[in-house]
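Asks: Below are the structure tokens for one structure; questions will follow.
The values are calculated or read from the model by the stated rules, or taken from the named source; none is laboratory data. Predicted model, so just to flag it, every value in this text is computed and none were measured. Reconstructed Cβ throughout: ideal geometry from the backbone, glycine too, with neighbour counts over all protein chains shown.
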Amino acid sequence: MLEEIYIPDTTAITRGVVKKLVSDKSIQGKIIIHSCMIKYFEKLAREGHSLGHVGLDEIRSLRELCEKSNEVNIEYSRELPEGYRLTDLEEDIDDMLRELALEWNATLITADAIQYKACLATGIRVIFVRNKVRKRLTIEKFFDENTMSVHLKEGVVPYAKKGVPGKWSYVPIGDKPLTREELENIIREIYEETRDAADAFIEIERPGSTIIQLRSYRIVITRPPLSDGLEITAVRPIAKLKLEDYNLPEKLIRRLEMRAEGILVAGAPGMGKTTFAQALAEYYRRMGKVIKTIESPRDMQLPHDITQYSKSHATSEELHDVLLLSRPDYTVFDEMRDTKDFELYADLRLAGVGMIGVVHATSPIDAIQRFIGRVELGMIPSIIDTVIFIKYGRVEKVYELETVVKIPHGLREADLARPVVVVKDFLTGEPEYEIYVFGDRTFVVPIKKHERVFEERVQKVKSEIERVLRRYLPDEEIDIEVVNDNKAIVYLDPHIMNYVSSKCIKKIRRLERKLGVDIEIRPKTW
């Protein structure tokens, strides 16, 4: 009787299904591990991809298991299908193994549904194994109801951030340093779960780093040489709020319902920006709006009727075309970082799509400044109409923007009038900043700070002028008006004008040079 030959593909190895079949004694015969598969995993591992390490570790574990088994042998092969040329390990390895199984009349083992269908289509014997979703992963055991994120690194005890956005503590959650083997086992679990769970996917895979979205967990895996050791960081939102939970002023609610279509949600990392944007998206959905999102990674917890697009798997041009053709009322753009992100936001907004952008900023004006230089200054109020700054999980500041033609604050000459972007406190209506172009530079001027400095200068100019004049006019009434930074007017009784002009005009001129102010003396008029 001929011995049954089994050829596992890469998915069967990385998901541990071959090892499971051997352990359960579901197969008997010979398992062929192709040398090209080992080279493939070795290549990935050397480039820093976690999948390469997982694959090599699984093959080692499988070999050790088969050595203990009397029913399954493991062999290695270099043979290629007749006439087959392997040009790209990454793209061709599973296709080559399928062809080899057909030529040898062997049984292919796979955990890939598409590979399974291809085998059925070509008449190849195949064992398709879909991993059962675990009830609880090892990484999940580090979390409790107050844990925001877990930080695991080889040679270091596990740590966690516990608390709420803006008010958390970084505490150890174990007393033994984690070994590299323990972390590799956790990574293997994460990969297996990601491959099989419907609500999990690998968002970004780069040499040295992997970003995975596994249900509500955003998991970042880094390896040397990118990091100085194997590290896993898992982040989970601890609160899902509705917009009503923020107790927003009625004026802001009306703004969001009626006028706000270019919204920026800004704040420092960990302050609750994405949580607020998520609540706003659901609020618009309850209003009957069509909502889409652009995320990287896709970690917002939203209803299934809100489509979430990944920026990692599409170009800006593709996202632009898809969103314009699908015609959403609002698009939530989470984690805007580089110039292409801001250009896509601006392009979609100018095309008529309502936009909610989430940006990192330490102050609300910083969020607006991220657009300066990326779009024309005069277009900014057409792109951004509402800036909502989040701090410690609550709305701390709201700005609105408008463009007016005026003399910029602090300047006086009429011919300096130009288009100025005025940034106002939405709730009070008071202007707080002006943005304008002067020469080749763009200036962001804080109005309140300038007014405070000007008031201090006014007091200094008045006191200096009065000090000089009091030497000659100890009992006369003196009225001083500081018109601007460069001019002051002194009003005196007409009968002493000649006296002042003859006695202290030199002192006045010297004071002008000292203060940098033109001082004009005029008679009082009643």
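Asks: Cβ-Cβ below 7 Å, separation at least six or inter-chain, first residue in the range 180-201 and assigned by TED's automatic domain parsing to the domain that holds residue 159, second surrounded by fewer than 16 Cβ atoms within 10 Å (Cβ to Cβ) and hydrophobic (A, V, I, L, M, F, W, C): which pairs?
Replies: Final answer for the pair search is 193/133; 196/133; 197/133.
Asks: Given the condition in a loop (DSSP other than H, G, I, E, B) and over 24 Å from residue 357 (Cβ atoms), answer yes or no: does some residue in the range 432-440 qualify?
Replies: Checked against the condition, which is being in a loop (DSSP other than H, G, I, E, B) and over 24 Å from residue 357 (Cβ atoms), the range 432-440 yields at least one hit.
Asks: Looking at this structure, is residue 407 surrounded by 15 or more Cβ atoms within 10 Å (Cβ to Cβ) and at pLDDT below 90?
Replies: For residue 407, the condition - surrounded by 15 or more Cβ atoms within 10 Å (Cβ to Cβ) and at pLDDT below 90 - is met.
Asks: Still on this model: If you scan the range 308-325, which residues turn out to be of a type in the set (S, T, N, Q) and exposed (fewer than 13 other Cβ atoms within 10 Å of the Cβ)?
Replies: 315
Asks: Taking the condition buried (at least 16 other Cβ atoms within 10 Å of the Cβ) and in contact with an Asp or Glu (Cβ under 6 Å, 6 or more places away or on another chain), does residue 110 pass?
Replies: Values: buried (at least 16 other Cβ atoms within 10 Å of the Cβ): yes; in contact with an Asp or Glu (Cβ under 6 Å, 6 or more places away or on another chain): yes.
In short, yes.
Asks: Name every residue in the range 154-186 that is out of contact with any helix residue (DSSP H, G or I) (no Cβ under 8 Å at 6 or more places or on another chain) and part of a strand (DSSP E or B), in order of residue number.
Replies: Selection gives 159, 161, 162, 163, 164, 167, 168, 169, 170, 171, 172, 178.
Asks: May I pose another question? In the range 285-299, how many residues are under 22 Å from residue 206 (Cβ atoms) and among the hydrophobic types (A, V, I, L, M, F, W, C)?
Replies: Count: 1.
Asks: Residue 20 fails exactly one of the following numbered conditions: (1) within 18 Å of residue 128 (Cβ to Cβ); (2) touching a strand residue (DSSP E or B) at 6+ places or on another chain (Cβ under 8 Å). What is the number of that condition?
Replies: Answer for residue 20: the failing condition is (2).
Asks: Let me ask something additional. Here is a list: 283, 246. Which entry is aromatic (Phe, Trp, Tyr) and in contact (Cβ under 8 Å) with a residue 60 or more places away in the chain?
Replies: The match here is 246.
Asks: Moving on. Among the candidates 116, 159, single out the residue that is touching a Pro at 6+ places or on another chain (Cβ under 8 Å) and either touching a residue at least 12 places away in the same chain (Cβ under 8 Å) or crowded, with 19+ Cβ neighbours inside 10 Å (or both).
Replies: 159
Asks: Further question on the same structure: Does residue 331 satisfy being touching a residue at least 60 places away in the same chain (Cβ under 8 Å) and buried (at least 17 other Cβ atoms within 10 Å of the Cβ)?
Replies: On the way: touching a residue at least 60 places away in the same chain (Cβ under 8 Å): no; buried (at least 17 other Cβ atoms within 10 Å of the Cβ): yes.
Answer is no for this residue.
Asks: Let me ask another. Write out, first by first residue and then by second, each pair whose Cβ atoms fall under 6 Å of each other, whose residues are 6+ apart or on separate chains, and whose first residue, in the range 497-517, is without any contact (Cβ under 8 Å) to a residue 24 or more places away in the chain while the second is not acidic (Asp, Glu).
Replies: 512/519
Asks: Let me ask something else about it. Every residue in the range 215-253 that is part of a strand (DSSP E or B) and of a type in the set (Asp, Glu), please.
Replies: Matches in the range 215-253: 231 only.
Asks: While we're on this one: Looking only at residues that are under 20 Å from residue 197 (Cα atoms) and surrounded by fewer than 19 Cβ atoms within 10 Å (Cβ to Cβ) in the range 119-136, which one is modelled with the lowest pLDDT?
Replies: Among residues in the range 119-136 that are under 20 Å from residue 197 (Cα atoms) and surrounded by fewer than 19 Cβ atoms within 10 Å (Cβ to Cβ), the one modelled with the lowest pLDDT is 133.
Asks: Another question about this same structure. Every residue in the range 244-272 that is of a type in the set (A, V, I, L, M) and farther than 15 Å from residue 358 by Cβ, please.
Replies: Within the range 244-272, 248, 252, 253, 256, 258 qualify.
Asks: Among the residues of the range 295-312, how many are within 18 Å of the chain's Cα centre (by Cα) and without any contact (Cβ under 8 Å) to a residue 60 or more places away in the chain? I'd like the intermediate steps shown before the answer.
Replies: The first filter runs over the range 295-312 and keeps only residues within 18 Å of the chain's Cα centre (by Cα), leaving 295-302, 308-312.
If we keep only those that are without any contact (Cβ under 8 Å) to a residue 60 or more places away in the chain as well, we get 295, 300, 302, 308-309, 311.
Count: 6.
Asks: Please determine whether any residue of the range 69-84 is assigned by TED's automatic domain parsing to the domain that holds residue 18, at pLDDT 90 or above, among the aromatic types (Phe, Trp, Tyr) and under 43 Å from the mean Cα position of the chain (by Cα).
Replies: Within the range 69-84, none of the residues are assigned by TED's automatic domain parsing to the domain that holds residue 18, at pLDDT 90 or above, among the aromatic types (Phe, Trp, Tyr) and under 43 Å from the mean Cα position of the chain (by Cα).
Asks: Could you list, in sequence order, all residues of the range 350-390 that are in contact (Cβ under 8 Å) with a residue 40 or more places away in the chain, over 23 Å from residue 444 (Cα atoms) and more than 15 Å from the chain's Cα centre (by Cα)?
Replies: Residues satisfying the conditions are 354, 355.
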